[in-house]
2 protein chains.
Amino acid sequence: MSRRHRVVVIGGGFGGLHVVRGLRKAPVDITLVDRRNYHLFQPLLYQVATGGLSPANIAGPMRSILRRQQNVTVLLEELLDFDPTNKEIVTNEGRIEYDTLVVAAGVTHSYFGHDEWESIAPGLKTIDDATAIRGRILSAFEQAEAERDPELRKQHLTFVIVGAGPTGVELAGALAELSRHSLKHDFRNINPSDARIIVVDAAPGVLTTYPEELSSKACGFLKRLGVEVHTSAMVTDLQPGQVTLKKDDTTEVIKAATVLWAAGVQSTPLAAKLAKATGAQTDRAGRLHVEPNLSLSGHENIFVIGDMANCTGPDDKPLPGVAPVAIQQGDYVAKLIQRRLEGKNLPPFAYHNRGNMATVGRAAAIAEIGRFRFAGFVAWLLWLFVHLMQIVQFQNRLLVLIQWSWRYFTHSRPARLITVEAGRRQASHDAEV
Amino acid sequence: MSRRHRVVVIGGGFGGLHVVRGLRKAPVDITLVDRRNYHLFQPLLYQVATGGLSPANIAGPMRSILRRQQNVTVLLEELLDFDPTNKEIVTNEGRIEYDTLVVAAGVTHSYFGHDEWESIAPGLKTIDDATAIRGRILSAFEQAEAERDPELRKQHLTFVIVGAGPTGVELAGALAELSRHSLKHDFRNINPSDARIIVVDAAPGVLTTYPEELSSKACGFLKRLGVEVHTSAMVTDLQPGQVTLKKDDTTEVIKAATVLWAAGVQSTPLAAKLAKATGAQTDRAGRLHVEPNLSLSGHENIFVIGDMANCTGPDDKPLPGVAPVAIQQGDYVAKLIQRRLEGKNLPPFAYHNRGNMATVGRAAAIAEIGRFRFAGFVAWLLWLFVHLMQIVQFQNRLLVLIQWSWRYFTHSRPARLITVEAGRRQASHDAEV
């Protein structure tokens, strides 16, 4: 009996998981390699960062998700390099051979050349990022409560979010609700509602990938929550405890103990290694240019999907780094691999945009579905429904639904734990303030 | 108007929280000082360590719990020292004056003089301990899956729990269920049911504070789950990856990648500081001897309660370090403080033992309530009911109930996340193996 076709998938995010699931009935042996043991529902990560949900509500063990799929082996290993000549990858545990390789390793934060800003303004990509940010936010309120100097107290209660894309807007909205509602009665020396929440973006508006009409609605929702929105403003310097903004020709220094980064992403070092090994071209953000069938030029058996790929859309612009793109690409590649095994082919990948939505807060979201545009309560209900349906595991879905319903009526945020790791980061951060 | 009586409470565990709640209608100003921002329902901590519950299910933000109680200020500070002469405590943020001081700072692990064992065999007291242990346990299965050497694989799949008190027995039972049921279909190279789970105790049985009849039932439950029980066995040495046991005159070396410590507790360094400041006597475990009214000898206005206190029970033995003792002591001190403000007094503290229960696993627990003894399913239902009723916040109760029901039918353990902190500890641990 001949050996079965071996597929190695790097990364268990939306893209990688959909490749694996799409191959569940295929006569292949799949190896899924990830550094982390969980699949993360990233669109809700900001809710962990603001104490609304627990990590386990939005992250499920990869092995659990794939337990019934007998043709997949999950390996918790770290990818170190690629060896396309020998059709092997190199991990911290050894070498793994493949016939087809799918790389879906995602992206990391980009500080636009200022890597020293990372420790001052953490970004939000992993569960650990989320619990660390949660710790910073909650510690800021604690420190304000303990502080007697009114200026320093103000500084502890000032939060700057750099970036007014979906993550920045969601964080700002959730932070506003946390301070205005959830923490309302919790303190004795401060009024948490006094917290200043500032969103900064170099673009002229918030959520600028949406039509102007929806973008300005979202901006209105933010302002209704008391969030200050600074658009067309560049961050020119970050120091512990302060942010320097440049807007037109004026420079403003904002004293803020907590700065969160939601401004940009770039490829992980893996993308550069893969480019070097295969001769593939990368774009400015380090994403790999892919062929219309998502393979790398000259490497028919290596696919790159999800946020790591620069895949040209119908308007000649690269497709955005969002979950639906990764999911459809994963499904496509799974299908293409099966067709090839049958000696057939598939037409090029085409992204079907089923709609976009972003949420600002309670009963405030925007959505664009085909020709239809929604803003406010209806968009928010749509957002709730779509996100709840997408959460991978049933149990999580039920638990999230209950927690959201409870929160809708009580404004509570139960998962407000400051853990050691987060506390330590905050402590070292303060030492510098 | 005269100043209100100031009560400072150190520690927001069961004891401290009950003092605060008991004073909710009293004409006093309360300051609750804790290093952590959450109240922890410690009896269920082992379920977090074994992936059954999320941290936020059993820990609620202290401020949230006390938000409606206007006479309390919560301070997230670390206690450094006591100054009874000036009626002040010293924290990392400054000095706080009191009229009455209640110290309920709990205990930490005791390694019986072998502090170097702590990094090899972590104990279970805090949320961070629990998530770190969870990471170690799950990583051990991951490493077994990746390991090709059968001897090393066996070592990764061997778990030793030192201590057969309630925590040790609960951990062993939960670990057995995790490996026998929850992880059943998750791996391809190993069979998680092959995991050896070994409980070791120097005492001649498990749960020896219970009547012989119940203790041997509990031992039977453990064995039914495939747990090996080594009683009358002393740990004489711990090295990364191996445990040395002495039983009678024979010495046995067990190769085990994961060792968990549930063997003993001792007072935190705070107890020694308080003893020094007040001249109070301490016992071998560092607990402070208290007067019949729980105050320190010669210091009518300083109370010590909970695990930190050595309070003599009716049989002249110190009361055990369990939640009901701390709760009743907290209630008593709150009442005594109020009586004193009215110029009255209270009879000495008397502990009312309403019963004891310990669980081994699914449908297997033991309970002793007055003259009645239960073992098995009924005891387990009692255990479930009592623990569910005691969880402080309603939302947690509902969420825990749903998760337990779900798990009862599916054997699933959803919160199986390996986080960075835990991963790192595991990594450094392995480097030494």
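The values are calculated or read from the model by the stated rules, or taken from the named source; none is laboratory data. Keep in mind the model is a prediction, meaning the values are calculated, not measured. For neighbour counting, all protein chains shown are included, and Cβ atoms are generated from backbone atoms with ideal geometry for every residue, glycine included. Protein only, heavy atoms only, side chains kept; ligands, DNA and RNA dropped before computing areas. Shrake-Rupley method; radii C 1.70, N 1.55, O 1.52, S 1.80 Å.
General remarks:
- Residue within region A:166-174 that is in contact with a Phe, Trp or Tyr (Cβ under 9 Å, 6 or more places away or on another chain) and assigned to a loop (DSSP other than H, G, I, E, B) present: no
- Reported count of residues in region B:136-184, each being farther than 23 Å from B:T410 by Cα and basic (K, R), is 4.
- Residue in region B:230-240 that is part of a helix (DSSP H, G or I) and aliphatic (A, V, I, L, M) present: no
- Look at (1) over 26 Å from B:T410 (Cα atoms); (2) assigned to a loop (DSSP other than H, G, I, E, B) and you find that A:K25 fails only one, number (1).
- Any hit, region B:264-275, residues being buried (at least 23 other Cβ atoms within 10 Å of the Cβ), under 21 Å from the mean Cα position of the chain (by Cα) and polar (S, T, N, Q): yes
- Filter result for B:V90 (aliphatic (A, V, I, L, M), closer than 17 Å to B:F14 by Cα and at pLDDT 95 or above): no
- Lone qualifier among B:R3, B:R36, B:R95 - being under 21 Å from B:G123 (Cα atoms) and open to solvent by 20 Å² or more (accessible area, probe 1.4 Å): B:R36
- Exactly one residue out of B:V325, B:V290 is closer than 30 Å to B:A218 by Cα, in contact with a Cys (Cβ under 8 Å, 6 or more places away or on another chain) and not assigned by TED's automatic domain parsing to the domain that holds B:A172: that is B:V325.
- Residue list for region B:121-148, restricted to those being among the β-branched types (V, I, T) and open to solvent by 10 Å² or more (accessible area, probe 1.4 Å): B:T126, B:T131
- The residue pairs whose first member lies in region A:148-159 and is at negative phi and of a type in the set (A, V, I, L, M), whose second member is surrounded by 10 or more Cβ atoms within 10 Å (Cβ to Cβ) and part of a helix (DSSP H, G or I), and whose beta carbons are closer than 9 Å, counting only pairs six or more residues apart or on different chains, are A:L152/A:Q143; A:L152/A:A144; A:L157/A:A140; A:L157/A:F141; A:L157/A:A144; A:L157/A:S179; A:L157/A:P192; A:L157/A:D194.
- The strands (runs of 3 or more DSSP E) found entirely in region A:42-108 that carry 3 or more residues being within 14 Å of another protein chain (Cβ to nearest Cβ) are A:59-61, A:72-76, A:94-97.
- Qualifying residue in region A:164-182 (condition: within 14 Å of chain B (Cβ to nearest Cβ) and touching a Pro at 6+ places or on another chain (Cβ under 7 Å)): yes
- Total residues in region A:241-263, condition surrounded by fewer than 19 Cβ atoms within 10 Å (Cβ to Cβ) and not in a strand (DSSP E or B): 2
- Contact map, region A:230-251: first residue at positive phi, second residue among the polar types (S, T, N, Q), Cβ cut-off under 9 Å, separation 6 or more or different chains; pairs are A:G241/A:Q155; A:D248/A:S232.
- Whichever residue in region B:388-401 is surrounded by fewer than 20 Cβ atoms within 10 Å (Cβ to Cβ) and in contact with a Leu (Cβ under 7 Å, 6 or more places away or on another chain) and, among such residues, is modelled with the lowest pLDDT: B:R397
- Counting the residues of region A:109-120 that are part of a helix (DSSP H, G or I) and open to solvent by less than 20 Å² (accessible area, probe 1.4 Å) gives 1.
- Residue satisfying condition, being at the interface with chain B (Cβ under 10 Å from one of its Cβ atoms), among the aliphatic types (A, V, I, L, M) and over 29 Å from B:A144 (Cα atoms), within set A:L152, A:L138, A:L124: A:L138
- Any chance B:V103 is within 29 Å of B:K335 (Cβ to Cβ), of a type outside the set (K, R) and surrounded by 21 or more Cβ atoms within 10 Å (Cβ to Cβ): yes
- Restricting B:L152, B:L178 to residues that are of a type outside the set (G, A, S) and closer than 15 Å to B:Q47 by Cβ narrows the list to B:L178.
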